[in-house]
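Accompanying notes for the structure given below.
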Amino acid sequence: MQRVSLNTNYYILNTFSMNYAEIIGRFHPLIVHLPIGILTLGLLLAAVSRIEKYEMLRPAVSFTLFWGAAGSIGSCVLGYLLSLSGDYNADLLFKHQWTGIVLAVVATGVWALYRFPKADLSFTKGVTWILTTSLLVVAGHYGGALTHGENYLTELIFKKKKEKIALPPTNDSTQVIQNQIVINENGLPNKVLGLEKSNILQGEKPQIQSQNPIKITSNTEGPPSLIAAAKEEAKPTMAYQELIQPILEQRCYSCHGPNKSKADLRLDSPEAIRKGGENGSILTAGNPQKSTLYTYLVLPDDDDMHMPPTGKPQLTPDQIKLVHAWIEKGGSFDKVMSFSKTGTSVNQKITPSVFQPESIKTAVKNVPTSVPQSIVLKENIAIKEPVKEEKKVVKETIIDRKLEDKEAQILKQKVGEVNPQMLQKFTDQRIIVSKFGEKTEYVMANFVNVKNYDSGYLDNLKIIDNQLVRLKLSNQPVKDDDLKKVASLKNITRLNLEKTLITDAGLAYLKDMPNLEQLNIYGTNITDKGLAHLSACKNLKVLFLWGTKTTPAGIENLRKILRGLQIDAGGVKFMKQDSTKKKVDN
Amino acid sequence: MNIFEEYNHKMNRRDFLNGSVLGLGATALSQLLPSGLLGGEPKLPHFAPKAKRIIYLFQSGAPSQLELFDYKPKLKQMFGQELPPSVRGDQRVTGMTAFQKSFPLAMGDFTFKQYGESQAWMSDLLPYHQQIADELCFIKTMHTEAINHDPAVTFIQTGSQQGGRPSFGSWMSYGLGSENKNLPSFCVLLSRSNNYDQPLYAKLWNNAFLPSEHQGVMFRSGDDPILYLKDPQGLDKTTRRDMLDALANLHKQQIEHTLDDELNSRIAQYEMAYRMQTSVPETLDISKEPDSVFEMYGPNSRKAGSYAANCILARKLIENDVRFVQLYHQGWDQHGNLPSEIKKLAKDVDQASAALVLDLKQRGLLEDTLVIWGGEFGRGCYSQGKLTPDNYGRDHHPRCYTIWMAGAGVKKGTTYGETDDFGYNIIKDPVHIHDFQSTVMHLMGIDHERFTHKFQGRRYRLTDVAGHVVKGVLA
């Protein structure tokens, strides 16, 4: 859309006086409501005073209409001055301006008709009455559209409709809750399963039915939709289109959009956002602190630059976090990301989530790739970043591998919540499942309190497969076959098997644990043979072997293959007090 | 009518309904609102913790940093000369030395060398510490506001110089809970070198205003670690169980009347005691440890109640996922005869402390256990009392002292902070008690500013109103 050309206006007012003009012009929204009210009253009086019962109101008609007409003329003048700022959509402004001017003229005419009454003009009176009323509505509407945005009146109605379509048929709260509880064999809510399957298996871009962020925002306000949100959260999203753009549309477009572009800034298209405004760029990809698109949101409310300005509807904290996360992750306009319910992180990697059906996992496994979990990622991310991946691999093989890298990566990815009912199950079995933090759903499990260990307990862990990162089975009678179950837990980075009953054969299963970083098998019957199996654990960084039947030669062999592997074989022997420094360790 | 009866009578029907309506409403609301908004149990950790457990080897009485870690050759060079007044300025000293006419610099015959790849300075008093130099992170610039033992110990343990605040371990127990349900989450072990020393009080491991199950449980040395834990002769397990069930029932009935939360704590503690009847003798029995362990922890480790034996116990408790083990070793308050006294104390703790670190390491426990070693303040660089070539004493010195940490999340093989040539003032990177506390909490995954408990209309936290996480010691 075109902007108002200012050239002609400059002939009339130079820039200096334009400042004053605009200051005065800004009174337009204040003054304009006077003629609206007064004219309405005048027109009302004119109409009702025709009825005999209200005859006594007749003298008030012309008085009221006079001030109404005067007010509309004043409004026109102020409105013109305001239009000089050029912040407004030319098309709409044109309509508003001319309906306003015509209204002022007609209103004056109506006033004249009533002020100087002539018997034969009653038809003209009627026509101008209708004309004024219509103009009042039309001009007022255009004015509103200029200030609040064109769809201000209709957006709520529209949104409701959209929501109705968007939500799965189980929009009824009781049903949704039920849905959450009903878990199929994979521990997945049935409903979501269906959604995911169709999207991802067909390799389509995810169609986000109900992930309208407006809805997400409103979700935090009520319980049923909250559950719905939790249900949806694991889904990948075109981050800009589905998450950011609606926020901007809702809160920013009215001043920085097609109708108005305050500070010469528009936020209604990726190009415009990249371009920035009169103060330069507003988006520095990857750095929210340098992006005024974010920083202005978090300025104190009383700061002049705080956006949206005081009095306008503000972004919710979650929305602000979302903007932050989006910029932090590169501020891309075409990348698929997934977001968490807490709204704090947007991650580029799509990991198989708790809601991912079994069939997808098998699909993942069948793909002959070294990155077994990347199928979802591949098909969803428009711009891949393989370069980064490669770098990491190089780093891992050449330099000593850094502790906790893998775990940190996993913890950054987002994941669904552990079902509280499942947690109860673990509590009953005395398995401690504790979270990594308040803003994460990842957990560690500890069997320290387990009384009558049974390998069936490990099957239950499959339910929290996506969330489980550390597992401590120390001192339990864990046998070789149990390790098969353990190895199927894909996100385990730390595994404690010390003083269990495992033998060499069991360690062979651990090669299927791509993320394993730390393994503690001290006090077991492992020999060099078992140790050799561990060479398949490419990410192993720390290994505790004290009290096993391994030999220095076996350890050395493993060290050669897994470079940088820290092996603690224990056996502390201090130097005697009188001898020189340096301990003998290992 | 006593005050308790009065309270009970006040709970009439209307109060009960009010209470329960609010209760129901609050329960429903708490399901909807983000956790923490309505108070209640904190949901910790805030973020992924590096450390899950702590062993705090508290050196009570204040070990002299100058003889152990903070090498100041100038003290020997200027032996007997006055401490320049400009160094001390108008800072206060204790009443014990305030009226001394002179402040002669003192340093005994101790040899300092650098050890390990990290080249950490240590004296020949610590031959075993020397061997674990690369595991340790020294903070040389700890400083406190208190100048006497009781307020200073209370300060570092509770964040306030005056009593009445919960101990560090109580906070951790309250915030993070216990992993092992059969052992208390906060355990306390005491040992001492001399018969006479600065006393320690139960207030140091008190829960204060936190629920009382978070109080530190002190284990005595010997056959009976917790008094009255065993069933009397003739009382079998079933009878005990029945008795506890009946008692719990009575307590629950009482709760309905009084809504007194302390009763819940009481139920929890009875249950804990019941479980401890088996778990404690099991865990605290070190007689089955192999000889190699005793060898490693040193000759005293077979002696129940010694620091070395307590270190083995600490390791065993940590192995069983106890959250916080607090050891105290008393006897470091060397106002006189320091050169000979400090040798005894160093010998008490040197080998066992080092052995504990390595023992945790070989068991893989150092990956998520934090070990802290240190006292409540330091000791001054000038002699207290008469200075002779081989004898002197040192007075309290709150303005700088050294502690070390090892294990989870700590940058090993580091020395943080610097003091001046006299070991009197800090010249770089000071670490206040509250900074230290917030750093340790950070390692446990806790934002110290958000971990509060509301009591008497105010939100309290361990770090009171101060504290910054010391990033320089984090791995």
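FYI, it's all coordinate maths here, none of it is from the lab. Only a predicted model underlies this, so the values are computations on that prediction, with no experimental measurement involved. No Cβ is skipped: glycine too gets one built from the backbone with ideal geometry, and neighbour counts run over all protein chains shown.
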Summed side-chain charge close to B:Val410 - residues other than B:Val410 whose Cβ falls under 10 Å, Lys, Arg +1, Asp, Glu -1: +2
Pair A:Lys439, B:Thr452: separation of 7 Å Cα→Cβ label points (nm): 1.9 nm
Cβ-defined net charge surrounding A:Leu458, 12 Å radius [Lys, Arg +1; Asp, Glu -1]: -1
For the stretch B:216-348, with +1 on Lys and Arg beta carbons and -1 on Asp and Glu, the positive-most of B:Gln269, B:Asn337, B:Ser279 along the dipole: B:Asn337
Peptide A:436-449 - average C-beta neighbours from other chains (10 Å radius): 4
Whole-Å semi-axes of the ellipsoid equivalent to the stretch B:336-387 (Cα gyration tensor, √5λ, descending): 32, 13, 5
Distance between modelled label sites at A:Asp91 and A:Thr147, nm, 7 Å Cα→Cβ extension: 2.3 nm
Using a Förster distance of 41 Å, the FRET efficiency for A:Tyr296-A:Asp405 (Cβ separation, nearest 0.05): 0.70
Debye log10 I(q)/I(0) at q = 0.19, 0.20 Å⁻¹ for the stretch B:77-179, Cα point scatterers: -1.11, -1.11
Relative intensity, log₁₀ I(q)/I(0), of chain B from a Debye sum that treats every alpha carbon as a point, q = 0.05, 0.11, 0.12 Å⁻¹: -0.21, -0.92, -1.06
Interchain or long-range residues, amide H under 5 Å from B:His335's placed H: B:Arg394
Label-point separation in nm, A:Ser488 to A:Ile31, each point 7 Å along Cα→Cβ: 7.8 nm
Exposure proxy order (Cβ contacts within 10 Å, fewest to most) of B:Met405, A:Met422, B:Met276: A:Met422, B:Met276, B:Met405
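Given a cut-off of under 8 Å on Cα pairs at least six residues apart, what relative contact order in percent is computed for chain B?
Contact order relative to length: 28 percent.
So for each of B:136-146, B:216-226 I average, over its residues, the number of other beta carbons within 10 Å; can you give me the resulting order with the highest mean first? Kindly include the intermediate steps, with their values, before the conclusion.
Numbers: B:136-146: 23.8, B:216-226: 17.3.
My ranking of the peptides, most packed first, is B:136-146, B:216-226.
In what order do A:Trp67, B:Trp205 fall by count of nearby beta-carbon atoms within 10 Å, going from fewest to most?
With the fewest neighbours first, A:Trp67, B:Trp205 line up as A:Trp67, B:Trp205.
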Part-to-part distance (alpha-carbon centres) for the stretch B:238-257 and the stretch A:129-144, which is given in Å: 78 Å
Inter-chain Cβ neighbour average for residues B:129-135, partner chain, 10 Å: 4
Test item: B:293-302 mean partner chain Cβ contacts at 10 Å: 1
Rg/Rg_globular for the stretch A:461-519, with Rg_globular taken as 2.2 N^0.38 Å and Rg from C-alpha atoms: 1.00
Violating pairs (Cα-Cα greater than 29 angstrom) within the set A:Lys321/A:Lys541; B:Lys72/B:Lys471; B:Lys303/B:Lys411: A:Lys321/A:Lys541; B:Lys303/B:Lys411
Nonlocal amide H pairs with A:Lys472, under 5 Å, H built at 1.01 Å: A:Ala445, A:Asn446, A:Phe447, A:Asn496
Sum of side-chain charges, B:Ala466 neighbourhood, beta-carbon under 11 Å (Lys, Arg +1; Asp, Glu -1): -3
Peptides A:480-492, B:433-445 ordered by average Cβ neighbours within 10 Å, highest first: B:433-445, A:480-492
Listed peptides B:355-367, B:244-256, B:386-398 by packing density, highest first (mean Cβ within 10 Å): B:355-367, B:386-398, B:244-256
Phi-based couplings in Hz for the stretch A:542-551 (Karplus 6.51, -1.76, 1.60; Gly and Pro marked x): 10, 9, 9, 10, 3, x, 9, 9, 6, 10
Under Karplus coefficients 6.51, -1.76 and 1.60, residue-wise ³J(HN,Hα) of the stretch A:463-470 in Hz, glycine/proline x: 4, 9, 3, 6, 9, 7, 10, 10
